[in-house]
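The values are calculated or read from the model by the stated rules, or taken from the named source; none is laboratory data. Computed from a predicted model, the values in this text were never measured in an experiment. Cβ: placed from backbone, ideal geometry, glycine included. Neighbour counts: every protein chain shown. SASA here: full protein model, heavy atoms, side chains in, ligands and nucleic acids out. Shrake-Rupley method; radii C 1.70, N 1.55, O 1.52, S 1.80 Å.
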Amino acid sequence: MHGISSSFSLVSSFRHALRPPVLRQRLAVLCLAFLALPCLQGCSDGNDTISLDGEPEFLPVAVPTVQEPPAAGNPFLQQNTFDLSEAGYEAVEFFYEGNATAFTSLSELLGDGVWTVEPAEQAAYRSRILIHRPSDPARFNGTVHVEWLNVTAGFETPPVWGAGHVEMYREGQIWVGVSAQKIGVDGSAGALAPLHLKGVNPARYGSLLHPGDSFSYDMFSQVVPILRGEANVDVLAGMVPQRIIASGQSQSGGRMVAYINAVQPLYNAYDGFLVMTRGDGAAPLAQDPQVEIAAPEAVIVREDNRTPVLTVQSETDVTLLNYAAARQDDNDFFRLWEVAGTSHSDYYGIVAGRNDALGEPRFAAVVEEDTVFGFLQCDRPFNAGPFTYVLRAGLRALDAWVRDAVAPPVAPRLDLNDSQTAYLTDSLGNVTGGIRTPYVDAASAVLSGEGQTGGSFCFLFGTTSLFTADQMASLYVDEAGYVEAVAAAADAAVSAGFLLPVDAEAIVAWAPQQWRAQTGQ
């Protein structure tokens with residue numbers, strides 16, 4: 001177990017991993033054309049070519065070849081423990097292969113995200129996609145979420161799925177996880193466990209070939225024509241996407257920032273982006289064995305972007321991971337949501353949510369838990385805040401934004417001190433400002449994105465400190481008073497657009513159990 005000093009040295013290295021390169025647009029003339037065509041985003045099929053003086057606006061995305069994996073074992077990903085059939089879904093896995101392109105920068109990568117890049121060398125690859133699709137095609141609502149799987153642990157995890165799958169399932173959306181990076185396939189010496197694909201099942205995954213992360217962006221783009229039915233295999237069983245939204249969290253969120261700033265202007269492959277709990281930087285545009293092209297310390301989403309981007313941040317990200325240095329104003333194609341009482345990773349995302357198929361009220365519980373299945377031990381109970389509920393509202397809002405050009409609501413920022421280094425808190429100890437929910441406005445605990453120590457990645461898990469029975473009584477008098485406060489706060493969050501009515505009902509339904517658990521009454 002690591003002490004606080006080693007945890008904070010890990011903070012430094014983790015933040016560095018979140019800072020890769022950024023890129024401009026391919027040609028100045030393309031930039032002008034891109035600005036002139038805002039209506040194309042969100043309704044494009046990803047293959048539009050718009051001419052300006054005979055030059056194409058968007059480059060074509062290469063169409064890879066698709067095949068089924070060897071019949072050796074089952075698809076592998078540390079994900080759900082419930083049966084997908086409970087949600088009316090099924091999982092299928094495919095390999096895809098072709099030649100992927102790396103990119104080079106035509107000018108210095110700056111923090112404004114306006115990066116000028118062009119395709120460079122190519123390399124052969126074979127990777128995999130894992131798909132959760134409705135068992136009944138009639139349930140499909142036309143939206144596909146493509147998640148860049150996170151490899152920070154030395155193997156693949158799906159944090160966006162972890163926080164948002166309930167909303168995806170109940171809306172009839174398709175989720176796709178992409179093995180975009182080399183570590184997920186081949187592993188690394190510093191992995192928490194040897195759970196990379198070739199290590200877990202060499203018979204199934206041994207033929208995968210990853211040429212290095214310089215090629216990962218194009219590998220991620222090439223998933224789009226597969227989903228649109230342009231490849232040799234119909235991976236969606238007749239379901240036709242109307243919208244394809246890309247997403248990534250933390251380390252993969254840094255990849256999303258680089259992709260939005262550098263690659264999306266070239267290909268226009270995706271119709272929208274979800275960036276979840278990122279740090280201040282972006283991922284490298286190119287890296288070893290290619291010549292490294294690194295990003296600046298702090299990078300925003302380029303302000304001339306014309307594809308909807310929703311960034312959802314926790315308390316941990318804004319201060320500990322220094323996103324405060326990359327904060328930017330909302331505009332017609334960018335929204336920033338900062339959620340009070342939340343952490344970079346939390347109890348729902350890494351523990352409870354694996355069991356949650358339908359969004360039952362019991363998953364609204366605020367609990368004190370300090371271990372991840374006995375595998376990872378933290379010094380304090382980690383955050384059990386409302387991130388999943390706000391993210392679900394964000395997914396619904398992003399879908400409407402891409403579908404109908406109705407932008408999500410503008411959210412207040414979390415309150416920081418004058419030096420932007422520490423939070424302002426209320427009399428109970430919870431942070432002020434940001435997106436408010438019953439978890440902080442009818443609080444049963446101090447919920448923070450900071451203050452955690454312990455093994456490995458514990459510093460990202462935040463903390464929970466439940467109120468005592470006496471504190472609960474002093475705040476709410478009795479169970480009826482507490483339930484009333486939770487209901488009022490839930491109504492306010494729904495009205496503001498940051499909590500879905502179905503989730504508000506679940507939170508309120510659980511409130512009596514929360515009161516009884518903490519007061520013994």
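(1) of a type outside the set (D, E, K, R); (2) farther than 23 Å from D370 by Cβ; (3) buried (at least 18 other Cβ atoms within 10 Å of the Cβ): which one isn't true of T463, the others all being true? For T463, the exception is condition (2).
Of all the numbered requirements in (1) small (G, A, S); (2) within 16 Å of R396 (Cβ to Cβ); (3) surrounded by fewer than 19 Cβ atoms within 10 Å (Cβ to Cβ), S474 misses one, and that requirement is (2).
Take the conditions (1) assigned to a loop (DSSP other than H, G, I, E, B); (2) under 18 Å from L416 (Cβ atoms); T311 misses just one of them, which is (1). A Cβ distance below 9 Å, combined with a sequence gap of six or more or placement on separate chains, defines the contacts here; from region 179-200, residues that are over 19 Å from F375 (Cα atoms) reach residues that are surrounded by fewer than 24 Cβ atoms within 10 Å (Cβ to Cβ) and hydroxyl-bearing (S, T, Y) in the pairs K182/S188; I183/T152.
The set of residues from region 271-286 being farther than 21 Å from T104 by Cα, in contact with a strand residue (DSSP E or B) (Cβ under 6 Å, 6 or more places away or on another chain) and buried (at least 24 other Cβ atoms within 10 Å of the Cβ) comprises D271, F273, L274, V275, M276, T277.
Only one of the listed residues (T371, T319) is surrounded by fewer than 24 Cβ atoms within 10 Å (Cβ to Cβ), hydroxyl-bearing (S, T, Y) and over 21 Å from G254 (Cβ atoms). That residue is T371.
Which residues, taken from region 61-104, are under 26 Å from S214 (Cβ atoms), open to solvent by 30 Å² or more (accessible area, probe 1.4 Å) and not in a loop (DSSP other than H, G, I, E, B)? Selection gives T65, Q67, E97, N99, T104.
In the condition set (1) modelled with pLDDT under 90; (2) over 20 Å from V301 (Cβ atoms); (3) of a type outside the set (D, E, K, R); (4) surrounded by fewer than 16 Cβ atoms within 10 Å (Cβ to Cβ), I50 is compliant with all but (4). For region 182-191, the candidate set comprises residues that are out of contact with any strand residue (DSSP E or B) (no Cβ under 8 Å at 6 or more places or on another chain) and within 25 Å of H165 (Cβ to Cβ); within that set, the residue that is most open to solvent (accessible area, probe 1.4 Å) is I183. Put simply, of A393, A405, A384, A340 the only residue that is under 26 Å from G172 (Cα atoms) and crowded, with 18+ Cβ neighbours inside 10 Å is A393. The criterion of being in contact with a Leu (Cβ under 7 Å, 6 or more places away or on another chain), without any contact (Cβ under 8 Å) to a residue 60 or more places away in the chain and assigned to a helix (DSSP H, G or I) does not hold for V160. Restricting attention to region 431-455 and to residues that are under 21 Å from the mean Cα position of the chain (by Cα) and open to solvent by 20 Å² or more (accessible area, probe 1.4 Å), the residue that is farthest from P159 (Cα to Cα) turns out to be R436. Within region 327-341, being in a loop (DSSP other than H, G, I, E, B) and under 19 Å from S252 (Cα atoms) holds for one residue alone: R327. Just to be sure, is L110 open to solvent by 30 Å² or more (accessible area, probe 1.4 Å), more than 25 Å from Q264 (Cβ to Cβ) and part of a loop (DSSP other than H, G, I, E, B)? No; evaluated as a whole, the condition is false for this residue. The residues of region 234-254 that are open to solvent by less than 40 Å² (accessible area, probe 1.4 Å) and either among the aliphatic types (A, V, I, L, M) or without any contact (Cβ under 8 Å) to a residue 60 or more places away in the chain (or both), listed by number, are V235, L236, M239, I244, I245, A246.
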